[in-house]
Amino acid sequence: MEEGHAGDGRRILDEAVARARALGTAWVRHYARAGHDAPHAQHLRLEGAVDLRRRICVAGEAEPSAAALTGAAAHAGAAEASVDDVAPRRVVYAGGSRFVAGAQGWEKTDGDVEGPRLAADPVWLLDALRYAVDCTAVPSGSGVRVECRLDLAHADDIDRSALAPPTRWRGLGRPAQRRRREAWLRGVPCEVLIDGDRLIKCMAYAVPAPVDGAEPVWTTTEVVEYGVPVDMPDLLARTRPAAWRGRRSRAPMPTR
């Protein structure tokens, strides 16, 4: 992509989001790590197929590993290796809810189907990008990197729990703590990498560290491939869901 797009970041971003939704589905990997360095395998917390229009994610989720986390990233969770290598548990994000596979079927653990995408959903940022401001496009290889911030102070249709968790803002009754929380929600750091075909390849945002003085935790979603099958399991089935098969099998997700 040629240079000269620095003042056109908002348009480039909107077009890339629209293209992603038009393609419909994708295979994604979701990372969390303290600091702004590129994520590695030990930071991988979830991998799977997403339906960008139906708000569905069918994935394998790695169990958090204390050895792979810093104190600043402990609330985000991460894996010691790729998701396929650690026998992950199966999870489904449906609308604004989360289900986990158990011995007796699927158990709802969080959220409301009719609500906004949960912050733990790997494509949460796709919705939050509608609140992106101060977008600047910087040439990056054959594509472009859009740097922006998210103004979520009044975004009631976005789940903001990860950005201001109760344990992080215990002193919220004090004016200074309220100001810090409001300032972060008005300017959440965010980056989106768009390739030469103007498709989103990677998107990331930062959440406050749970410990004062520590580096923010960056959450990154890498789009591995667009146009993949997404087989939604029967969440009402009372039988044990099949084990995670992952992308390596190149087969549709099991329905049970």
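A short reminder: the numbers here are calculations on the coordinates, not readings from a lab. Everything numeric in this text was worked out from a predicted model, so none of it was measured. All Cβ positions, glycine included, derive from the backbone under ideal geometry; neighbour counts span all protein chains shown.
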FRET efficiency for Glu225 and Arg89, Cβ-Cβ distance as r, R0 = 25 Å, nearest 0.05?
-> 0.65
Contour minus Cα-Cα span, Arg21 to Asp157, at 0.36 nm per residue, comes to 47.1 nm
Using θ = phi - 60° and the Karplus relation 6.51 cos²θ - 1.76 cosθ + 1.60, list the HN-Hα couplings for the range 125-138 in order, rounded to whole Hz, with x at every Gly or Pro.
-> 5, 4, 6, 5, 5, 5, 9, 6, 9, 6, 6, 10, 9, 10
For Glu114 and Ala243, compute 0.36 nm times the residue count separating them, minus their Cα-Cα distance, and round to one decimal in nm.
-> 43.7 nm
Given 0.36 nm per residue, what is the gain on full extension from Asp134 to Leu236 after removing their alpha carbon distance, in nm?
-> 32.3 nm
Between Ala26 and residues 5 or more places away or on another chain, which pairs have amide H atoms under 5 Å apart, with H built 1.01 Å from N, and which residues are they?
-> Val50, Leu52, Gly227, Val228
